[in-house]
Amino acid sequence: MDRIRELEQLVVDQIAAGEVIERPASVVKELVENSIDAQASKISVYLEEGGRKSIVVSDNGSGIHPDDIALAFKRHATSKIRLVEDLLSTRTMGFRGEALSSIASVSHVNMKSRMSGQEKGREIRISPGQKERISDWDGPSGTTVEAKDLFHNLPVRLKFMKSVQTEQSQVIETLSCIALGHPSVQIHLFLNGRPALSLPARRDRRLRLLDLYPALSENDLSNIILDGEGIRIEAEILSPGKNRKDRKFQNIFLNSRWIRHPALLQAISQGASGYVHKDVQPGAWIWIEILPDKVDVNVHPTKREVRFLESDRIFSLVRRAVQDGLKTFLGDAAPSPEMSGAKPESGEPVRHQTQNSPSSASGNFFAREKEKMENVPPDVRRMETSGQNTRNLFSGRQGEASGMREPDSLSRKIQSSRTGHGTFDKSFRDLPEVLKSLPPASFSWRSSSLPDMPVQVLTQVYGTFILAIMGKDLVVLDQHTAHERIRYDAFRKGLSDGNISTLPYIFPQTVRLSPLEVQNIEQRIEELSHLGFDVDIQGPESIKVSGIPSLLEGEDPSDLLQELSESSHQFEWPLVRSDRMDETLMTLSCHTSVRANHMLGKEDLIRIIRSLLDTEFPFSCPHGRPTILSLPQDLLEKWFQRT
């Protein structure tokens with residue numbers, strides 16, 4: 001093994017930069033946070049080629065003293081703290097003194113700054129391994145930093161940069177998080193000279209939230225405040241009807257800084273347990289204000305992760321804020337057991353605000369009080385078919401025999417088997433294993449005979465499944481996955497036949513999306529055009545829709561584009577054209593298919609079955625989920641011991 005030696009300063013700087021500067025969005029984050037600490041009220045960001053060629057951040061903040069311009073690039077040189085004790089009281093976005101030195105070690109940096117009241121400012125040019133060049137500068141007060149040729153001296157890091165579109169999306173997402181923490185700051189983003197994000201200064205967080213999510217309205221949000229004992233929590237809780245399956249609509253801010261905290265994300269999920277369906281995530285934007293000595297922000301180089309002194313209390317408060325926010329939409333309804341989860345617990349007192357009344361920047365602490373929730377039994381919905389009540393299936397009149405005895409209840413049969421009278425318990429427990437042992441329908445059916453197979457539709461169950469007789473088999477079909485396969489195959493056939501047509505709108509529609517969603521749609525313009533969409537990017541938050549595919553007639557173009565944007569979010573590398581097209585087809589097929597809990601007429605049920613049997617592979621949806629469960633006649637006879 002070689003002898004131990006001290007590393008050269010350039011190597012040290014690049015190692016440290018690897019912890020702070022991961023991609024262009026990291027540079028933007030550090031520079032914008034410096035601007036906020038400098039009390040800037042307006043910040044402009046300019047990107048070229050996704051930040052690889054150039055990143056410029058300009059502000060109207062307090063500026064840097066002329067004599068400190070070179071010192072600003074020394075590692076751990078900062079104006080924000082002096083003593084160890086300052087780490088326990090700092091409220092600034094940055095304090096480690098690493099950002100500028102890290103950026104300068106992996107790019108060519110040019111910084112210009114002038115303090116307000118100073119006649120002249122200074123300009124410094126600095127590159128890795130070279131001596132800095134300083135000159136006078138007489139521009140406006142504030143600071144402008146340009147970082148060019150990012151990672152030019154780190155080929156390995158450069159090789160791992162993603163596509164221009166992906167890096168741009170990361171920058172938009174980073175700026176959006178910063179903007180939500182600082183609504184009073186005006187923020188603008190330009191991508192290759194084109195405006196991509198324009199956020200005016202706002203007096204409160206809700207207005208900034210609505211700027212970033214144009215599809216939402218004030219009626220979709222409920223404002224909740226918990227205030228007292230050194231902690232203040234403000235939350236904007238989203239209406240359950242707008243929830244998503246991912247956590248895109250969940251953001252947590254600590255003293256105006258966006259943070260990543262898995263435990264608090266879990267608190268959001270627990271707060272919604274019993275109020276929203278278990279398969280979706282609640283929408284919640286949480287702002288936590290806490291005394292600096294009750295939190296350690298010096299855990300991670302980028303300060304995204306923190307440690308709380310009273311973590312259990314904050315967890316409970318966040319959970320309670322989500323619960324009470326959802327209550328404002330659901331009224332006094334108790335949590336539904338169908339929504340999964342435990343009963344909400346009591347927590348800190350809360351001040352409710354109406355959906356249309358966002359909070360001011362501060363709130364008062366209200367005296368503690370205990371709240372009790374009563375367990376209200378869920379409503380029992382009675383399903384009726386063809387005007388006949390299900391209670392009359394076994395008898396002429398309710399509770400009276402009609403030539404035969406009403407069957408014993410399931411619990412009575414199980415109890416009977418436990419006492420040695422009958423064998424129902426054993427067969428009942430074996431049922432799941434029997435179902436697991438069934439071969440896929442594709443093994444028992446010949447594809448060539450499917451279109452001619454006799455079909456008898458029996459009923460629709462739970463608004464989700466179709467019960468039918470197909471050939472000699474009793475089958476259960478999932479209406480959503482079946483319809484998804486039908487849609488997908490129709491698109492594929494239209495593409496292969498060159499028969500995709502566009503349904504033009506007489507009056508083009510303008511769809512408003514968030515800047516990040518518009519950016520994602522722009523990546524898919526080519527695929528959308530081939531599929532029959534006629535769309536144009538009109539601005540950083542708007543898309544003009546002049547037509548949609550004829551196969552999607554009647555669908556809402558806003559919903560379609562939003563779904564496509566969400567499916568392309570977090571693409572880490574550009575897919576080959578065929579894969580991207582297939583991904584788009586699967587997204588459209590899933591989104592536009594009939595959903596669960598959607599009642600259908602008998603003709604529609606027959607149409608779904610017949611159309612499914614005509615597809616190339618009717619036994620699963622494009623994502624691989626099964627469409628059909630087949631129970632052959634001989635299996636049923638064996639189950640009931642008829643053979």
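The values are calculated or read from the model by the stated rules, or taken from the named source; none is laboratory data. Here the structure is a predicted model, which means the values were calculated and not measured. All Cβ positions, even for glycine, are placed from backbone atoms using ideal geometry, and neighbour counts span all protein chains on display. Note: areas computed on protein heavy atoms with side chains; ligands, DNA, RNA excluded. Shrake-Rupley method; radii C 1.70, N 1.55, O 1.52, S 1.80 Å.
Here are the numbers for this structure:
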| item | result |
| --- | --- |
| Fully extended contour minus Cα-Cα distance, from Glu563 to Asp312, at 0.36 nm per residue | 86.7 nm |
| Shape call, the stretch 114-198: gyration tensor on alpha carbons, a/c limit 1.5 | oblate |
| Probe 1.4 Å, protein heavy atoms only - accessible area per residue of the stretch 168-256 in square angstrom | 31 Å² |
| Charge dipole (debye, nearest 20) of the stretch 156-244; +1 at Cβ of Lys and Arg, -1 at Cβ of Asp and Glu | 480 debye |
| Which listed pairs, of Lys29/Lys159; Lys74/Lys148; Lys74/Lys294, have C-alpha distances above 27 Å, in listed order | Lys74/Lys294 |
| Rule-of-thumb Rg ratio for the stretch 459-514 [Cα; 2.2 N^0.38 Å; N residues] | 1.77 |
| Solvent-accessible surface ranking, highest first, for Trp285, Trp137, Trp639 at 1.4 angstrom | Trp639, Trp137, Trp285 |
| Estimated inter-spin distance, Lys42 and Ser184, nm [label 7 Å along Cα→Cβ] | 1.8 nm |
| Extension reserve of the Lys278-Leu629 stretch, reckoned as 0.36 nm per residue once the Cα distance is removed | 123.9 nm |
| Glu8 versus Lys638: modelled label distance in nm, points set 7 Å from Cα along the beta carbon direction | 7.5 nm |
| Charge-dipole axis of the stretch 130-201 as Lys and Arg at +1 and Asp and Glu at -1 on Cβ define it, positive-most pick from Phe160, Ala196, Leu175 | Phe160 |
